[in-house]
Amino acid sequence: MLQRYYDLNAPLGEALPSGDGCETRGPGDGLKLDHPWLTGLPVFVPETYSPTYQYPLVCVLHDHDRSERDLWRWFPAISDQNYLGLGIRGPFPARSGLPGQYRWRGQRPDASWGAISAAITDLTREYSVHPDRILLLGSGNGGVIALQQYLLSQLGQVDADYQFAGVICDQLPAWWPRLLPPVPNEIEGRVLLLDGYGEGESFAAIDALREAGCNLTLREKSDTAPEKLVNRWIMSAISTAIF
């Protein structure tokens, strides 16, 4: 069952310096009740949801010029009962100014983390989430940001009480390795790349992640739908799962 949960307020950041082509606004900037930041974030909740069970949480990051509503591309197709799903809005509006279109900026990992962490914090106030089973799933530019934030979490460079259990990337652009932080040989966790890793630069980055200790899986060309593969990949790391 899909539940559209509109009481989760999206994060409000500080105003950015002028000249970067976009801005966010913070409290005290004259926001009205109908401001788009205040429309809330979409959440997928299983029909069989039980508050006594700690659910894995899949956080969906959209591509450029799209929105948090891309959550519905993945849910309930991934699973209608195994997870909570959370759509997270990029912190910057599209330069076109069209409503419902937002962006991430790879050079502003602080803004990305602010959007992600605030959304997760709000969700966990209302729903039961397993702190060791929070995953990021990003498409396109959102996939690059998901991998970037996952690595920053592994390296202890974000202020959180948890580390992401894994990251799933879909439709990565060719330049995705250029926005990743330097990675020493001391990271853990799991990475699933659904596609977008066919260039030499990508393979070099994949080798570096594996050498650093990351458990990295590449989707093979097959008839398996990405959504089904995502479900099996997540559940394979949960020892009590039956699927």
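The values are calculated or read from the model by the stated rules, or taken from the named source; none is laboratory data. Predicted model only: the values in this text are computed from it and were never measured. Neighbour counts are summed over all protein chains in view; Cβ atoms, including those assigned to glycine, are modelled from backbone coordinates with ideal geometry. Heads up: the accessible areas ignore ligands, DNA and RNA and are worked out on the full protein's heavy atoms, side chains in. Shrake-Rupley method; radii C 1.70, N 1.55, O 1.52, S 1.80 Å.
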request  = From the list 83, 55, 127, pick out the single residue that is touching a Pro at 6+ places or on another chain (Cβ under 6 Å) and either closer than 26 Å to residue 237 by Cβ or polar (S, T, N, Q) (or both).
outcome  = 83
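Here's the yes/no breakdown for (1) over 19 Å from the mean Cα position of the chain (by Cα); (2) more than 22 Å from residue 62 (Cβ to Cβ); (3) aliphatic (A, V, I, L, M):
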| position | (1), (2), (3) |
| --- | --- |
| 172 | no, no, yes |
| 175 | no, no, no |
| 178 | no, no, no |
| 184 | yes, yes, no |
| 194 | no, no, yes |
| 207 | yes, yes, no |
| 233 | no, no, no |
task = Restrict the check to segment 50-69 and report whether at least one residue is within 13 Å of the chain's Cα centre (by Cα), crowded, with 19+ Cβ neighbours inside 10 Å and free of Cβ contacts under 8 Å to residues at least 60 places away in the same chain.
result = yes
task = Scan segment 139-150 and give yes if some residue there is closer than 18 Å to residue 74 by Cα and among the hydroxyl-bearing types (Ser, Thr, Tyr), otherwise no.
result = yes
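Residues in segment 68-83: is at least one assigned to a strand (DSSP E or B) and more than 13 Å from residue 145 (Cβ to Cβ)? Step through it out loud before you land on a result.
Step one: of segment 68-83, the residues assigned to a strand (DSSP E or B) are none.
No, that holds for no residue.
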task = Working only within segment 125-144, note down all residues that are over 14 Å from residue 87 (Cα atoms) and not small (Gly, Ala, Ser).
result = 125, 126, 127, 129, 130, 131, 132, 133, 141, 144
request  = Could you identify the single residue in 151, 136, 172, 123 that is closer than 21 Å to residue 192 by Cβ and in contact (Cβ under 8 Å) with a residue 40 or more places away in the chain?
outcome  = 136
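Considering only residues that are at pLDDT 90 or above and either touching a strand residue (DSSP E or B) at 6+ places or on another chain (Cβ under 8 Å) or open to solvent by 50 Å² or more (accessible area, probe 1.4 Å) (or both), which ones fall in segment 220-237? Spell out the reasoning first.
Taking segment 220-237 as the starting set, the residues that turn out to be at pLDDT 90 or above are 225-237.
Result: 226, 228, 229, 230, 232, 233, 234, 236, 237.
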inquiry  = Being at pLDDT 50 or above and within 21 Å of residue 142 (Cα to Cα) is the requirement here; does residue 13 meet it?
reply    = no
inquiry  = For segment 82-93, which positions are closer than 30 Å to residue 128 by Cβ and open to solvent by 40 Å² or more (accessible area, probe 1.4 Å)?
reply    = none
inquiry  = Taking the condition of being touching a Pro at 6+ places or on another chain (Cβ under 9 Å) and under 16 Å from residue 109 (Cα atoms), how many residues in segment 164-184 meet it?
reply    = 2
